[in-house]
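All remarks here apply to the structure that follows.
The values are calculated or read from the model by the stated rules, or taken from the named source; none is laboratory data. Predicted, not measured: the structure shown is a model, and the values here were computed from it. Here the Cβ is made from the backbone with ideal geometry for all residues, glycine too, and neighbour counts use every protein chain on show. Surface accessibility is based on the protein's heavy atoms, side chains included, excluding ligands, DNA and RNA. Shrake-Rupley method; radii C 1.70, N 1.55, O 1.52, S 1.80 Å.
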Amino acid sequence: MSRVDITTVADAEEAARLVAQRLAKQAREGGSIVLTGGSTPRRAYELAAELEPDWSRVELWWGDERCVPPDDERSNFAMAKAALLDRLERQPAAIHRMHGELGSEAGADEYAHELDGVGPFDLVLLGLGPDGHVASLFPNFPTLDVTDRTVVGSDAGHDPFVDRITLTLPRLCDTRELLFLVAGEDKADAVARALADTPSQETPGSLARSAAGVTRAVLDRAAAAKL
Ligand code: 6PG
């Protein structure tokens with residue numbers, strides 16, 4: 001496994017700012033960005049929109065989605081829309097959202113089709129669950145073994161308990177940069193297992209590394225406490 005370049009900062013706000021700077025840089029350079037869901041990246045998205053309001057050079061993708069309509073409060077797309085897209089002066093060249101409202105199987109098939117022929121991503125952003133999950137790849141789920149598909153449907157392995165659509169590990173890792181953003185003391189155990197321990201299906205985050213590029217992590221001090 002490639003090593004992870006770890007940056008630890010004082011608090012969640014500073015971590016969000018660093019990641020926002022990285023997102024804004026990619027928006028200026030163009031290319032492709034894969035967004036993550038959950039609550040931690042919200043502040044990074046808000047700050048990224050402030051730093052760079054023109055995202056017309058990039059295409060946006062998602063690492064996972066909950067199977068709910070796009071305006072549902074649990075939707076990862078809805079979070080990114082409110083925190084990022086609605087604050088931009090110029091929208092991304094393409095917004096490839098996962099259609100959670102189709103259900104996990106049809107939604108995964110549709111997204112796999114959308115990804116057909118798409119090369120390595122430029123930047124994949126990932127959060128980390130307290131159980132060590134990334135995207136909607138949950139500990140010891142059979143989805144971790146899938147290598148012949150880019151997108152799969154999954155049961156929920158974590159709150160909110162709705163079905164999921166998720167990129168598979170090989171597709172998530174096919175990126176020039178894979179960047180973790182993790183904050184909070186409830187993540188400290190998972191961070192230690194994902195970034196410092198032997199890779200294991202018990203901690204999907206330990207299996208998420210850029211295949212041919214760099215893997216970085218921006219952590220706040222609380223999340224880094226057990227490293
Ligand atoms: C999702 C995510 C998921 C998330 C982690 C951390 O759809 O839930 O993409 O992998 O990144 O659960 O979420 P928090 O930032 O809310 O802790």
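Taking Cβ atoms as reference points and 13 Å as the exclusive limit, the residues near Ala15 contribute a net charge of +3, counting Lys and Arg as +1 and Asp and Glu as -1. At a probe radius of 1.4 angstrom, the accessible area of segment 139-227 per residue rounds to 43 square angstrom. Shown here are the Rg and Dmax of the Cα trace of segment 102-142, at 12.9, 34 Å.
Positive contributions from Lys and Arg (+1) and negative ones from Asp and Glu (-1), summed over other residues with Cβ under 11 Å from the Cβ of Val4, come out at +2.
Shown here for segment 85-180: GluC sites (Glu not before Pro) in loop regions (DSSP other than H, G, I, E, B) with at most 10 other Cβ atoms within 10 Å, namely Glu89.
Selection among His99, Ala112, Pro130 by position relative to the dipole of segment 73-133 gives Pro130 as farthest towards the positive end (Cβ unit charges, Cα centre). If only the Cβ of Lys and Arg carry +1 and only the Cβ of Asp and Glu carry -1, the dipole of the chain around its Cα centre is close to 740 debye. With semi-axes defined as the square roots of five times the eigenvalues of the C-alpha gyration tensor, the equivalent ellipsoid of segment 76-227 measures 24, 19, 16 Å, largest first. Note on segment 101-227: with charges restricted to the Cβ of Lys and Arg (+1) and Asp and Glu (-1), its dipole about the Cα centre is near 640 debye. Taking the accessible area of the chain, probe 1.4 Å, and keeping the other protein chains in place, the carbon and sulfur fraction comes to 46%. For segment 26-73, the Kirkwood hydrodynamic radius from C-alpha pairs, put into Stokes-Einstein at 10 °C and a viscosity of 1.306 mPa s, yields a diffusion coefficient of 132 µm² per second.
Separation of segment 125-154 and segment 68-89, taken as the distance between their Cα centroids, equals 22 angstrom.
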